[in-house]
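**Student:** One structure is given below, represented as structure tokens, and several questions about it will come after.
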Amino acid sequence: VHGGIAQGVAQALYEEAVYDDDGTLLTGNLTTYLVPTAAELPSYELDREVSASPTNPMGVKGVGETGTIASVAATMNAVIDGLSHYGITDLDMPATPERVWRAIEEAR
Amino acid sequence: MIPAAFDYEVADSVAHAVQLLGSNDDAKLLAGGHSLLPLLKLRVVRPSLLVDVGRLTELSYIRNDGETITIGALTRHHDLATDALAREHAPLLSAAATQIGDPQVRHRGTIGGSVSHGDPASDLPAVLLALDAEIVARSKRGEHVYGADGFFTGAFTTALADDELVTEIRLPGPRDDAGSAYAAMSQKASGYSIVGVAAVVIKEGGSAITKAAIALTGVGEAPYRARAVETALVGNEGTAESIAAAAAHATDGVTVNGDIHADSEYRTAMAAVYTRRAIAAALGRLAG
């Protein structure tokens, strides 16, 4: 679950495939494509809602990457909330420092 | 990711190293290897001979004779960051060393290697510029002492001749009326500085700044002294507004780098921000 959340946070803030005009990938290694480490991620508080699946005899469900979908939206909503006093309502992912700075500059 | 073929020699003394280096026009020195090996693997550089100076432990030292701090070229970034003498008497260099790359890089990388390589985004050259350091080089022809100012001539180019080995860095000893700080914003994936600023401010009595030395790395083609910032700081009392006004000159006359991690407009803005932070932190140390 932690890994799934991390994957979503990374999509919202860090990981980006950048291409040049000729279609060459400029972020083809780990010194240019930022895969977050623990240092780039928050601590997590987890909770769970138990509901057995009705579709199989054991009641089990796959939970891999359950955090991924919601954590992208949650992270971006948090960034937008932090910028809302500038009237900013939208930002492309990932919300890098440069993108956030540019959005603030344009809103001023 | 496999290097082109090269010969390999291990130097067992400084004299041996400069003899090997001087014997081959196409030789490269290998110290920590964290900058050179990736370039070899990408075949960006194809030396015919690698001279390994990594075992010259006699070039690993940090000394203070009261007037000058001398640092051996093979001193590793980790040692600069953690050595008690460096932390007390060369605090700016020590602070900058803590911000280089990651622990693996700091345990392998050397100050001489960083200086010789001349990467336009490496941290230590900014510190050497701000401290008016001297860089001592040896070759078969003898010893040559370079001032840091003018040493870093461009991206991956320095004033060093091809047959010279950097043996020592000399810094002026600390003074009670000086405060210093290093502030950097790094590209998180690589650890390289997008902007790195070394600041030294001096107050020779009174409340106004009488001397300032500000140097930036990561911003231009080579690390440079921001003279316009220094001029604006002299006579300055160090209010927040006056520091910001001085820092706004951080990229005067400089063609600012732009890349996928920070275009030139953003980098220009951050150069002013980190210059302001470095100056404020340096003044804070002076007050404390």
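The values are calculated or read from the model by the stated rules, or taken from the named source; none is laboratory data. The structure presented is a predicted model; accordingly, all values stated were derived computationally and were not measured. Cβ placement follows ideal geometry from the backbone for every residue including glycine, while neighbour counts extend to all protein chains displayed. Side chains are part of the model used for accessible areas, which takes the heavy atoms of the whole protein and leaves out ligands, DNA and RNA. Shrake-Rupley method; radii C 1.70, N 1.55, O 1.52, S 1.80 Å.
**Student:** If the Cβ limit is 6 Å and pairs must be 6+ apart or interchain, which residue in region A:53-77 that is open to solvent by 70 Å² or more (accessible area, probe 1.4 Å) pairs with which residue that is assigned to a helix (DSSP H, G or I)?
**Tutor:** From region A:53-77, the pairs are A:65/A:4; A:66/A:4.
**Student:** Filter region B:52-71 down to the residues that are in contact with a strand residue (DSSP E or B) (Cβ under 9 Å, 6 or more places away or on another chain) and among the acidic types (Asp, Glu) and list them by number.
**Tutor:** Within region B:52-71, B:52, B:58, B:67 meet the criteria.
**Student:** Report yes if some residue within region B:185-196 is within 30 Å of residue B:65 (Cα to Cα) and either in a loop (DSSP other than H, G, I, E, B) or within 19 Å of the chain's Cα centre (by Cα) (or both); otherwise report no.
**Tutor:** yes
**Student:** Next question, about the same structure. For region B:263-278, name all the residues that are of a type outside the set (Phe, Trp, Tyr), within 14 Å of chain A (Cβ to nearest Cβ) and in a helix (DSSP H, G or I).
**Tutor:** Within region B:263-278, B:264, B:265, B:267, B:268, B:269, B:270, B:271, B:272, B:273 qualify.
**Student:** Among the residues of region A:19-31, write down those that are at pLDDT 95 or above and within 8 Å of chain B (Cβ to nearest Cβ).
**Tutor:** Of everything in region A:19-31, those that are at pLDDT 95 or above and within 8 Å of chain B (Cβ to nearest Cβ) turn out to be A:26, A:27.
**Student:** Now, a different point. Would you mention how many residues in region B:233-262 are within 14 Å of another protein chain (Cβ to nearest Cβ) and either under 23 Å from the mean Cα position of the chain (by Cα) or under 25 Å from residue B:208 (Cβ atoms) (or both)? Even if it seems obvious, please write down each step before you answer.
**Tutor:** Applying the first criterion (within 14 Å of another protein chain (Cβ to nearest Cβ)) to region B:233-262 yields B:256-262.
Those still in the list that are either under 23 Å from the mean Cα position of the chain (by Cα) or under 25 Å from residue B:208 (Cβ atoms) (or both) too: B:256-259, B:261-262.
Total meeting the criteria: 6.
**Student:** Also, I was wondering about something else. Contact list please: Cβ distance under 9 Å, first residue in region A:85-97 and within 14 Å of chain B (Cβ to nearest Cβ) and open to solvent by 60 Å² or more (accessible area, probe 1.4 Å), second residue assigned to a loop (DSSP other than H, G, I, E, B) and among the small types (Gly, Ala, Ser), pairs at least six apart or on different chains.
**Tutor:** none
**Student:** I've got another one for you. Go through region A:32-52 and report how many residues are without any contact (Cβ under 8 Å) to a residue 12 or more places away in the chain and either farther than 27 Å from residue B:41 by Cβ or more than 14 Å from chain B (Cβ to nearest Cβ) (or both).
**Tutor:** Final tally of qualifying residues: 9.
**Student:** Return a yes/no flag: does region B:265-280 have any residue that is in contact (Cβ under 8 Å) with a residue 12 or more places away in the chain, open to solvent by less than 20 Å² (accessible area, probe 1.4 Å) and of a type in the set (Gly, Ala, Ser).
**Tutor:** yes
**Student:** Also, I was wondering about something else. Under 24 Å from residue A:96 (Cα atoms) and either open to solvent by 60 Å² or more (accessible area, probe 1.4 Å) or in contact (Cβ under 8 Å) with a residue 40 or more places away in the chain (or both) - does that describe any residue in region B:235-249?
**Tutor:** Yes, region B:235-249 contains at least one residue that is under 24 Å from residue A:96 (Cα atoms) and either open to solvent by 60 Å² or more (accessible area, probe 1.4 Å) or in contact (Cβ under 8 Å) with a residue 40 or more places away in the chain (or both).
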